[in-house]
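Input: a single structure, listed below in structure tokens.
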Amino acid sequence: MFLKSIYLTLIMASMAEYTMGCSMTEDQLDECFYNSMFFGSKDAIVPGNDAELDQHCSIIREGSKCIKNYADTCLEQNSFPQKVVQLMYTNIGHHMDNRCNKPSERTEFLENIQCFLPKEKMDPLHVCSDKLTKFVELTSQMNKDEPHLPFICCGFQEYRHCIVSNTEKICTVGHSQFWDEIFDEMSMEAITYACSNYETYEKCHKNLYPEGLAKITAIMEATDPAVWHHGFKTPVKFFLDMIRKFY
């Protein structure tokens with residue numbers, strides 16, 4: 001889930017590829033993102049005990065290190081985009097250290113994850129992530145004079161609402177509040193900085209231009225996977241395409 005903070009950072013930063021010393025392909029980066037995802041990866045471990053939580057933490061940390069390697073070697077050195085991504089990784093690392101190493105937070109995480117077992121119960125949450133990827137794809141296809149930032153900001157808010165509301169259906173209100181608080185912890189600063197009038201689900205439904213809101217709503221309400229088909233594991237390829245175009 002925390003990967004959603006990285007995704008917002010990539011949107012708001014004017015990232016440029018830095019090929020010197022870069023040995024990773026976009027396909028490898030896509031795989032790294034997939035391995036780091038919880039919502040959006042059907043291969044993710046849903047830990048039911050301490051040993052499985054250790055596996056969960058190890059896989060996400062390895063995926064995150066891989067992504068950081070891309071940021072360090074494939075983005076322009078000492079650029080603002082690189083510094084923002086590295087700062088975000090510091091925050092994510094702190095969050096994961098708490099989740100994985102602090103006994104009270106390990107216990108809280110395990111308690112809030114049990115209701116996702118068996119892991120097939122998470123399928124609606126993976127659909128939420130697929131729809132987010134579709135929003136990023138659509139943003140990357142916009143023209144420069146179109147309101148791409150408001151659209152993707154509200155796409156993210158729809159994703160967040162999708163995760164929280166479906167968690168409430170699968171589990172309870174208390175469990176959904178747990179994930180809502182994690183969204184706040186990991187991404188609120190980035191959202192406030194980048195999204196201004198579109199920093200909540202309610203503000204999006206009030207302020208987003210009508211055509212954009214209609215497009216997002218149609219995808220969110222769709223039940224046919226063909227509507228949100230995108231052909232990739234994660235949104236990262238579309239984020240890079242979008243940033244090349246707009247920044």
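The values are calculated or read from the model by the stated rules, or taken from the named source; none is laboratory data. Note that the structure is a prediction, hence the values are computed from the model and not measured. All Cβ positions, even for glycine, are placed from backbone atoms using ideal geometry, and neighbour counts span all protein chains on display. Note: accessible area is taken over every heavy atom of the protein model, side chains too, but ligands, DNA and RNA are not part of it. Shrake-Rupley method; radii C 1.70, N 1.55, O 1.52, S 1.80 Å.
Yes or no: the stretch 196-203 includes at least one residue that is of a type in the set (Phe, Trp, Tyr), modelled with pLDDT of 90 or more, more than 21 Å from residue 36 (Cβ to Cβ) and surrounded by 13 or more Cβ atoms within 10 Å (Cβ to Cβ). Step through it out loud before you land on a result.
Let us first name the residues in the stretch 196-203 that are of a type in the set (Phe, Trp, Tyr), namely 198, 201.
Now drop any that are not modelled with pLDDT of 90 or more, which leaves 198, 201.
Subsequent filtering for residues that are more than 21 Å from residue 36 (Cβ to Cβ) retains 198, 201.
Still in the list and also surrounded by 13 or more Cβ atoms within 10 Å (Cβ to Cβ): 198, 201.
Yes: one or more hits.
Looking at the stretch 21-79, which of its residues are assigned to a loop (DSSP other than H, G, I, E, B), of a type in the set (A, V, I, L, M, F, W, C) and closer than 24 Å to residue 94 by Cβ?
Going through the stretch 21-79, the residues assigned to a loop (DSSP other than H, G, I, E, B) turn out to be 21-25, 37-49, 76-79.
Those left that are additionally of a type in the set (A, V, I, L, M, F, W, C): 22, 24, 37-39, 44-46.
Correct list: 37, 38, 39, 44, 45, 46.
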- Some residue of the stretch 227-238 being open to solvent by less than 50 Å² (accessible area, probe 1.4 Å), at pLDDT below 85 and under 24 Å from residue 38 (Cβ atoms): yes
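For the stretch 195-217, state whether one or more residues are of a type in the set (A, V, I, L, M, F, W, C) and not in a helix (DSSP H, G or I).
Filtering the stretch 195-217 for residues of a type in the set (A, V, I, L, M, F, W, C) gives 195, 204, 208, 213-214, 216.
Those still in the list that are not in a helix (DSSP H, G or I) too: 208.
Yes.
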- Answer yes if at least one residue in the stretch 139-150 is open to solvent by 10 Å² or more (accessible area, probe 1.4 Å), of a type in the set (A, V, I, L, M, F, W, C) and not in a helix (DSSP H, G or I), and no otherwise. yes
- What is the number of the single condition among (1) in contact with a His (Cβ under 9 Å, 6 or more places away or on another chain); (2) at pLDDT below 90 that residue 64 does not meet? (1)
- Query: Taking the stated definitions as given, is residue 191 surrounded by 16 or more Cβ atoms within 10 Å (Cβ to Cβ), part of a helix (DSSP H, G or I), among the β-branched types (Val, Ile, Thr) and modelled with pLDDT under 85?
  - Reply: yes
- Task: List every residue pair whose Cβ atoms sit under 7 Å apart, with the two residues 6 or more apart in sequence or on different chains, where the first one lies in the stretch 98-115 and is under 12 Å from residue 54 (Cα atoms) and the second, anywhere, is of a type outside the set (Lys, Arg) and in a loop (DSSP other than H, G, I, E, B).
- Result: 110/47
- Note on the structure: Listed by first then second residue, the pairs whose first member lies in the stretch 156-185 and is not assigned by the TED database to the domain that holds residue 139, whose partner is open to solvent by 30 Å² or more (accessible area, probe 1.4 Å), with beta carbons under 8 Å and at least 6 positions apart or on separate chains, are none
- Note on the structure: Of (1) outside the structural domain of residue 149 (by the TED database); (2) within 24 Å of residue 155 (Cα to Cα); (3) at pLDDT 85 or above; (4) open to solvent by 20 Å² or more (accessible area, probe 1.4 Å), residue 89 fails just (3)
